[in-house]
Amino acid sequence: METIILRGDSKSNSILLLKLAKQLNFTAKKITSLESEDLGIALSIDEGLKSGLLNEKEKQNFLASLKGI
């Protein structure tokens with residue numbers, strides 16, 4: 001499986017890309033800005049854990065701090 005993330009400012013071009021993806025049998029989903037930010041945070045946490053820059057306790061503390069926002 002391959003994943004491609006595209007981001008653009010043109011609504012008409014976004015619709016065109018979603019239609020093309022459907023024609024090519026790709027699964028495509030439009031996400032909100034908030035979902036995009038959440039994805040970025042999740043990927044950063046995962047990379048931090050893999051690289052050793054973040055430990056599990058720090059991860060838990062960070063996630064707990066987000067719940068208070």
**Asked** Taking the Cβ-Cβ separation of Ser33 and Met1 as r and a Förster radius of 35 Å, what is the calculated FRET efficiency to the nearest 0.05?
**Response** 0.90
**Asked** Using modelled amide H (1.01 Å from N, peptide plane; none on Pro or chain starts), what sits under 5 Å from the amide H of Leu54, excluding residues fewer than 5 places away?
**Response** Leu49
**Request:** Enumerate the calculated ³J(HN,Hα) couplings along segment 13-28 in order (Karplus 6.51 cos²θ - 1.76 cosθ + 1.60, θ = phi - 60°), each rounded to whole Hz, writing x wherever the residue is Gly or Pro.
**Result:** 5, 5, 4, 4, 5, 5, 5, 4, 4, 5, 5, 8, 6, 8, 8, 9
**Message:** Within 14 Å, Cβ to Cβ, of Thr27, how many net charges do the neighbouring residues add up to if Lys/Arg are +1 and Asp/Glu are -1?
**Reply:** +3
**Complete:** Phi angles of segment 37-54, converted by Karplus (6.51 cos²θ - 1.76 cosθ + 1.60, θ = phi - 60°) into ³J(HN,Hα) in whole Hz with x for Gly and Pro, give 5, 4, 4, x, 5, 4, 5, 5, 4, 4, 5, x, 5, 5, 7, x, 6, 9
**Item:** Computed lengthening from Leu53 to Lys19, 0.36 nm per intervening residue step minus Cα-Cα distance
**Value:** 8.2 nm
**Net charge of Cβ neighbours under 14 Å - reference Ser65; Lys, Arg +1; Asp, Glu -1** = +2
**Complete:** Read-out Rg/Rh (Cα atoms, Kirkwood Rh), candidates (1) 1.12; (2) 0.92; (3) 0.97; calculated match is (1)
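No value in this document is a laboratory result; all are computed from the given coordinates. Everything numeric here is computed off the predicted structure, so don't read it as measured data. All Cβ positions, glycine included, derive from the backbone under ideal geometry; neighbour counts span all protein chains shown.
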